[in-house]
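The values are calculated or read from the model by the stated rules, or taken from the named source; none is laboratory data. Note that the structure is predicted; figures quoted are calculated from it, not measured. We place every Cβ from the backbone using ideal geometry, glycine too, and count neighbours over all the protein chains shown. Please note that ligands, DNA and RNA were not included when accessible areas were found on the heavy atoms of the full protein model with its side chains. Shrake-Rupley method; radii C 1.70, N 1.55, O 1.52, S 1.80 Å.
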Amino acid sequence: MGQLWAGYLAAGTVTFAPRQGHTPETGKPALTYTFQPLEGPEAVVTVPYLLASPSLLMVTTKAGDTLDAIESNLHDIVPDTPIVLFQNGMGCQQAVAERWPQRPILAASTTEGANRPAPGCTVHAGKGETWVGPLTKSATTHLTRVVTALGTSGLTVHAEKDIQSRLWDKLIINAGINAFTAILDCPNGDILADPFYQEHIDELCDEISTVMKRDIGKDLPSITIRERIETVARKTARNTSSMRSDRRRGRPTEIDFINGYIARRGHALGVDVPANQMLTNRIKQLLP
Ligand code: PAF
């Protein structure tokens with residue numbers, strides 16, 4: 001996701017801060033890759049290391065790496081720099097906002113599609129939209145400026161005051177697709193006809209509907225949740241989900257921030273969540 005934005009933002013305005021502290025090699029860029037935009041020719045993108053405090057920090061790490069990544073870079077970031085979190089799922093955004101409540105922390109929810117078909121090559125695979133909203137009090141006054149800055153990329157960016165609700169909308173989709181594709185080791189569309197999916201999807205949607213209502217007061221019937229999940233699964237039928245891909249590469253998955261998050265919220269709010277817990281346990285058992 002970071003390479004997608006760096007591919008569209010004006011050359012010379014983007015720098016890169018690695019997850020852990022680093023000693024940049026003089027004269028060497030942090031990143032060089034080929035970028036294939038949706039339209040127009042391929043371009044080589046070169047991104048130098050972050051050397052001075054940026055005007056905006058975009059955090060595009062995996063959910064589980066986010067706290068440590070911010071922690072190890074924060075000494076270079078002045079206190080009123082807006083920090084925008086682009087993670088999938090839920091839980092890590094709230095953890096960041098709780099850890100640094102005085103800082104302007106915002107969250108983004110995006111439907112842009114990007115992938116890396118080969119090392120050193122990033123492709124903008126599907127046009128989407130991005131919503132950005134404040135998580136901490138001080139972030140509110142930065143919202144317009146952040147949306148304008150991200151909008152200079154040419155990608156569609158909206159200000160969203162209720163970003164929690166937007167994050168939940170995406171969480172629903174991830175909760176209904178990702179774990180099934182990783183367990184069944186299949187592309188998104190193939191889950192729909194599988195007996196394992198059919199056995200658990202209604203119970204899963206009931207749990208999601210109840211937890212969401214208790215958590216943020218948003219009323220979405222279970223049937224609507226199932227329809228939304230299946231619409232995305234059909235639209236992205238041949239795609240490999242991020243969780244299936246993580247599993248295939250032997251990398252940690254984001255299950256703790258998807259079904260694991262819903263299970264934790266369910267336990268905290270007194271809602272039974274056996275389907276979310278079962279998917280979480282199954283994914284954890286699959287890990288190498
Ligand atoms: O996490 C992903 O891979 C995607 O967001 C999803 C929901 C599977 C749709 O392609």
Residues of the range 205-225 that turn out to be more than 20 Å from Lys284 (Cβ to Cβ) and either within 16 Å of the ligand (Cβ to nearest atom) or basic (Lys, Arg) (or both), as a count: 5
Pairs, first within 18 Å of Gly189 (Cβ to Cβ) in the range 221-236, second open to solvent by less than 50 Å² (accessible area, probe 1.4 Å) and among the acidic types (Asp, Glu), C-beta under 9 Å, six or more apart: Arg228/Asp169
Positions within the range 226-247 being within 10 Å of the ligand (Cβ to nearest atom) and closer than 17 Å to Trp168 by Cβ, in sequence order: Ile229, Val232
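Listed here are the residues, each with its yes/no results for (1) at pLDDT below 95; (2) at negative phi; (3) part of a loop (DSSP other than H, G, I, E, B); (4) small (Gly, Ala, Ser).
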residue: Trp5; (1), (2), (3), (4): no, yes, no, no
residue: Gly21; (1), (2), (3), (4): yes, yes, yes, yes
residue: Glu25; (1), (2), (3), (4): yes, yes, yes, no
residue: Val44; (1), (2), (3), (4): no, yes, no, no
residue: Leu51; (1), (2), (3), (4): yes, yes, yes, no
residue: Asp65; (1), (2), (3), (4): yes, yes, no, no
Candidate set: the range 89-118, residues that are touching a strand residue (DSSP E or B) at 6+ places or on another chain (Cβ under 8 Å) and open to solvent by 40 Å² or more (accessible area, probe 1.4 Å); chosen: the one nearest to Asp256 (Cα to Cα): Thr111
